[in-house]
Amino acid sequence: EETSPAISPDTLELYAGLTYGPVGVKYYYTSEYFGTDKSASYVNFTLAQPLTETITLTANIGLNDGDGVKAAFGDSYIDYSLGLAKSLDAGFTATLQIVTTDLDPAPFGGVDSDSPKVVFGLKKVFDL
């Protein structure tokens, strides 16, 4: 049985991105993907479309590819999300997203890693 190597968060990556209106694209590259000593790239397309003054529709699709991704997860994969962001008082933003991938559950001991997950977030912006 083949197992995935230990994944290390100690990863240096470079990225470049462009945004025009509500759409954006970013490209990430690393020569050492999460401790695998193999390269990987990630292309991410985003949408942040305001629906009202305080509510924004968000969508994301990203492709994770390269030898490092294949070593860590068994194959390249795509991630997706769809959500809403609500601006609150005092610099807070609340988010609600549905997030999923097309990952095969085999590298994760049969855990259904690609079933949709609901994620709630709360962030605060601080001025320096």
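The values are calculated or read from the model by the stated rules, or taken from the named source; none is laboratory data. Everything numeric in this text was worked out from a predicted model, so none of it was measured. Positions of Cβ are generated from backbone atoms using ideal geometry, with glycine treated the same way; all protein chains shown enter the neighbour counts. Only protein heavy atoms, including side chains, enter the accessible area calculation; ligands, DNA and RNA are left aside. Shrake-Rupley method; radii C 1.70, N 1.55, O 1.52, S 1.80 Å.
What the table below lists for this structure:
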| item | result |
| --- | --- |
| Pairs where the first residue, in the stretch 51-68, is under 18 Å from P116 (Cβ atoms) and the second is basic (K, R) and assigned to a helix (DSSP H, G or I), C-beta under 6 Å, 6+ apart | none |
| Filtered residue count, the stretch 35-82, keeping only those that are in contact with a Lys or Arg (Cβ under 6 Å, 6 or more places away or on another chain), open to solvent by less than 50 Å² (accessible area, probe 1.4 Å) and over 26 Å from Y20 (Cβ atoms) | 2 |
